[in-house]
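Colleague: Got a structure for you, written out below as structure tokens; questions coming shortly.
The values are calculated or read from the model by the stated rules, or taken from the named source; none is laboratory data. Owing to the predicted nature of the structure, the values given are computational and were not obtained by experimental measurement. Calculation scope for accessible area: heavy atoms of the full protein, side chains included, ligands and nucleic acids excluded. Shrake-Rupley method; radii C 1.70, N 1.55, O 1.52, S 1.80 Å.
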Amino acid sequence: MKMGLCSFCLKSGILCQKCLTKLKSGEISELDLRIARLLLSLEEKYPSLQNVYFHKAFDADRTLALVVGPGDVPRLLGYGGKIIRALGEETGKSVRVLEHGVDDRKFLEDLFAPLNIMTINTIWLPDGSTETRVILRRRRGGHSSFDVKALKEIASRVRNITLRVEFAD
Ligand SMILES: [Zn+2]
């Protein structure tokens, strides 16, 4: 696993001056560090993690979102979902994996997977700001591990978009 800290600091847990500055400036958060170490500890068991670029982690309530490099999503979702399950067990959160540098549609698809998105459109508000309306296809059996409020907060923090989420049959 690679990230914006040197691998020596990541492995040792003792940060050099340069990495410490990133932590103090907020470029890297305590949560990022914690998740990075977790990913690192899983590398031996799941070698595809070695090639993953980990950008950042965001948490909202009981949802945790990991932002990883282009093409890295399948590396995390592989092994029959065992990496995600391990992360979920360690953190006690429901884990989403998002890809860095994609367009809004792909971002929203990853955010709401496995639900299907029927429509995405932009709503202009009288004050000139916008909201992104997403209509999801309702699934049989409900969405038990699905916290729409937390996902909206994550969308706002990761992409600076305000979501309006609706469900349709
Ligand atoms: Zn360092």
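Colleague: Going from most exposed to least, what order do 83, 117 have by accessible area with a 1.4 Å probe?
Modeller: 117, 83
Colleague: Restricting to lysines 8 or more places apart or on different chains, can you count the pairs in the chain with Cα atoms under 13 Å from each other?
Modeller: Numbers: 2/11; 2/56; 22/56; 45/82.
Number of lysine pairs found: 4.
Colleague: Which whole number of Å³ per residue matches the convex hull of the alpha-carbon atoms in segment 30-69? Please list the in-between numbers first.
Modeller: Details: hull volume 2.7 nm³, N = 40.
Roughly 67 Å³ of hull volume per residue.
Colleague: Something else about it: Once the piece of chain linking residue 85 and residue 45 is laid out straight, how much longer is it, given 0.36 nm per residue of separation minus the C-alpha distance between them?
Modeller: Numbers: separation 40, 0.36 × 40 = 14.40 nm, distance 1.34 nm.
Stretched fully, the residue 85-residue 45 segment lengthens by 13.1 nm.
Colleague: Count the DSSP beta bridges whose two residues both fall in the chain, then state the antiparallel fraction as a percent rounded to the nearest 5. Numbers along the way, then the final one.
Modeller: Values: 13 of 26 bridges.
Expressed as a percentage, antiparallel bridges in the chain total about 50.
Colleague: Something else about it: Mind ranking 157, 133 by accessible surface for me, highest first, 1.4 Å probe?
Modeller: Details: 157 110, 133 65 Å².
Largest accessible area first, the list is 157, 133.
Colleague: If you wrap a convex hull around the C-alpha atoms of the chain and split its volume per residue, what is the figure in Å³?
Modeller: Numbers: hull volume 21.3 nm³, N = 169.
Value for the chain: 126 Å³ per residue.
Colleague: Given H placed 1.01 Å from N in the peptide plane, which residues other than close sequence neighbours of residue 55 have an amide H under 5 Å from its amide H?
Modeller: Distant-sequence amide H within range of residue 55: 67, 68, 69.
Colleague: Shifting gears a bit: Check residue 95: other-chain or 5+ apart residues with amide H under 5 Å from its amide H, H built from backbone geometry?
Modeller: The answer is 64.
Colleague: Using Cα springs under 10 Å in a Gaussian network model of the chain, which residue among 64, 38, 20 shows the largest mean-square fluctuation?
Modeller: Of 64, 38, 20, the Gaussian network model singles out 20 as fluctuating most.
Colleague: Which one of 149, 45, 56 has the biggest mean-square fluctuation once the chain is modelled by GNM with Cα springs under 10 Å?
Modeller: The residue that fluctuates most here is 45.
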